[in-house]
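Novice: Structure incoming, see below.
The values are calculated or read from the model by the stated rules, or taken from the named source; none is laboratory data. Note that this is a predicted model, so its numbers are computed, not measured. As a convention, Cβ positions derive from the backbone with ideal geometry for all residues, glycine included, and neighbour counts pool all protein chains shown.
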Amino acid sequence: MDVKATEHSWLLRNKLKIAPWVFLIPALAFFAVYVIEPIFESIWLSFYEWNGLYRADGTSTAVWVGVDNYIKLWDDPKFWTSLKNNLLWLLLFMLAVPIGLMIALFLNQTVSGMRIYKSLFFFPFVISQVVVGLIFGWFYNPDFGVVGSVWKALFCEETINIVGNVSFRCSSPPPDILSSPEFATYGIIAAGLWPQIAYCMILYLTGLNNVAADQIEAGRLDGAKGWRMLWFVVLPQLRPATFIAVVVTVIGALRSFDMIAIMTQGGPFGSTNVLAYYMYETAISEYGERYGYGSAIATVLFLIMLIYISYFLWRMYQDEKGGR
């Protein structure tokens, strides 16, 4: 009886410490099975050459090749094109942060009809990336899209033949952005920026609602207004929102996949590939199911994201530690 009473009293004393783990353990178990274990399996598979098939006795046909897959990556021009495009996505995607801030400052006003504008700017964030890709695919179409229509209106001459059919005579044809190796990547990034700007705008609108009114009044009394007010009073209070916006934008740029799969499938001639799509293309699509080589690409992408996420967690820990 004394042992049971002691255990019962221990549970009562530590129930506040135990309660969070009761809720966390199921989630941690799912995370370990469906995230952590596949990561290590993918890293291990990157040292094999495997087509995904098994023998009749159930054994794998995988062959150990060591670091050969990584050596092949070094000499693979498609890998370097994909990595360069990932860096281009990362660089241009950062435009979402200042543009989102400017839109949030515009929408953070108490005027009639502002809720309608907020809803319109919020709309891209709630629609699927697949839908965004389809919309911009039509938008860029040189025959019936907005780009083609504007080009015809500005640079083409309308003619009517004897039957009454309307045709256009252009000095140069309308640009086909998604078919151009030079401009296709920029067209896809512009499409991806549309919902990303909306997300950053939401973060900044939330941050602006928490800006201290007394600091704004103090700044006005000191003669601060316009850019000085924004730079010295408002932006310092928006540091948490800026931090989250930058983190989410970088992660979104590195894991870009769906827009490319919908709009160009990596073309033309592989010029719009990024690491995530090249991994999918190599492992499962049209390259003969080279799971080992695809896993090597996935491992490189994972290491790039791991470095950044580790830095993000360290910064978040430092901020939490400094705030105590």
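Novice: What residue, among those in the range 52-94 that are assigned to a loop (DSSP other than H, G, I, E, B) and among the polar types (S, T, N, Q), is nearest to Ser42 (Cα to Cα)? Explain how you work it out, then say what you get.
Specialist: If we filter the range 52-94 for residues that are assigned to a loop (DSSP other than H, G, I, E, B), which is where we start, we get 52-53, 55-59, 61-62, 65-67, 75-76, 94.
Filter once more, so that each one left must be among the polar types (S, T, N, Q): 59, 61.
Details: Thr59: 18, Thr61: 16 Å.
Ranking the qualifying residues of the range 52-94, first place goes to Thr61.
Rundown of residues vs (1) of a type in the set (Gly, Ala, Ser); (2) touching a residue at least 60 places away in the same chain (Cβ under 8 Å), yes/no style:
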{"site": "Lys118", "(1), (2)": "no, yes"}
{"site": "Pro124", "(1), (2)": "no, yes"}
{"site": "Gly133", "(1), (2)": "yes, yes"}
{"site": "Phe139", "(1), (2)": "no, no"}
{"site": "Gly145", "(1), (2)": "yes, no"}
{"site": "Lys152", "(1), (2)": "no, no"}
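Novice: Hey, among the residues in the range 99-116 that are of a type in the set (A, V, I, L, M) and within 26 Å of the chain's Cα centre (by Cα), which one's modelled with the lowest pLDDT? Don't jump to the end; show me each part of the working.
Specialist: Of all residues in the range 99-116, those of a type in the set (A, V, I, L, M) come to 99, 101-105, 107, 111, 114, 116.
From what's left, within 26 Å of the chain's Cα centre (by Cα): 99, 101-105, 107.
Numbers: Ile99: 94, Leu101: 92, Met102: 92, Ile103: 90, Ala104: 89, Leu105: 89, Leu107: 86.
The residue in question is Leu107.
Novice: Among the residues in the range 48-56, are any hydroxyl-bearing (Ser, Thr, Tyr) and at pLDDT below 85?
Specialist: Of all residues in the range 48-56, those hydroxyl-bearing (Ser, Thr, Tyr) come to 48, 54.
Those left that are additionally at pLDDT below 85: 54.
Checking the range 48-56: at least one residue is hydroxyl-bearing (Ser, Thr, Tyr) and at pLDDT below 85.
Novice: For the range 125-143, indicate whether the set of residues that are modelled with pLDDT under 90, in a helix (DSSP H, G or I), more than 18 Å from Thr264 (Cβ to Cβ) and not charged (D, E, K, R) is non-empty.
Specialist: yes
Novice: Mind listing whichever residues of the range 246-269 are closer than 21 Å to Met201 by Cα and either in contact with a Phe, Trp or Tyr (Cβ under 7 Å, 6 or more places away or on another chain) or without any contact (Cβ under 8 Å) to a residue 60 or more places away in the chain (or both)?
Specialist: Answer for the range 246-269, where residues must be closer than 21 Å to Met201 by Cα and either in contact with a Phe, Trp or Tyr (Cβ under 7 Å, 6 or more places away or on another chain) or without any contact (Cβ under 8 Å) to a residue 60 or more places away in the chain (or both): Val247, Val248, Thr249, Val250, Ile251, Gly252, Ala253, Arg255, Ser256.
Novice: Given the conditions (1) buried (at least 16 other Cβ atoms within 10 Å of the Cβ); (2) at pLDDT 85 or above; (3) over 23 Å from Tyr311 (Cα atoms), and given that Leu254 satisfies all but one, which numbered condition is not satisfied?
Specialist: Leu254 satisfies every listed condition except (3).
Novice: Can you go through Ala296, Ala241, Ala218 and tell me which one is free of Cβ contacts under 8 Å to residues at least 40 places away in the same chain, crowded, with 19+ Cβ neighbours inside 10 Å, part of a helix (DSSP H, G or I) and among the aliphatic types (A, V, I, L, M)? Please lay out each step first, then the result.
Specialist: Values: Ala296 fails: free of Cβ contacts under 8 Å to residues at least 40 places away in the same chain; Ala218 fails: crowded, with 19+ Cβ neighbours inside 10 Å.
Testing whether each residue is free of Cβ contacts under 8 Å to residues at least 40 places away in the same chain, crowded, with 19+ Cβ neighbours inside 10 Å, part of a helix (DSSP H, G or I) and among the aliphatic types (A, V, I, L, M) leaves just Ala241.
Novice: Test Ala218 against the criterion of being over 23 Å from Tyr308 (Cβ atoms), at pLDDT below 85 and not β-branched (Val, Ile, Thr), and give yes or no.
Specialist: Numbers: over 23 Å from Tyr308 (Cβ atoms): yes; at pLDDT below 85: yes; not β-branched (Val, Ile, Thr): yes.
In short, yes.
Novice: Quick one: which of Gly266, Gly207 is under 30 Å from Val131 (Cα atoms), of a type in the set (Gly, Ala, Ser) and not in a loop (DSSP other than H, G, I, E, B)?
Specialist: Details: Gly266 fails: not in a loop (DSSP other than H, G, I, E, B).
Gly207 is the lone residue from the list that is under 30 Å from Val131 (Cα atoms), of a type in the set (Gly, Ala, Ser) and not in a loop (DSSP other than H, G, I, E, B).
Novice: Out of all the residues in the range 93-147, which are crowded, with 17+ Cβ neighbours inside 10 Å and among the charged types (D, E, K, R)?
Specialist: Residue satisfying the conditions is Lys118 alone.
Novice: Test each condition in (1) among the hydroxyl-bearing types (Ser, Thr, Tyr); (2) modelled with pLDDT of 85 or more; (3) under 18 Å from Tyr204 (Cα atoms) for Ser119 and report the one that comes out false.
Specialist: Ser119 satisfies all of (1) among the hydroxyl-bearing types (Ser, Thr, Tyr); (2) modelled with pLDDT of 85 or more; (3) under 18 Å from Tyr204 (Cα atoms) except (2).
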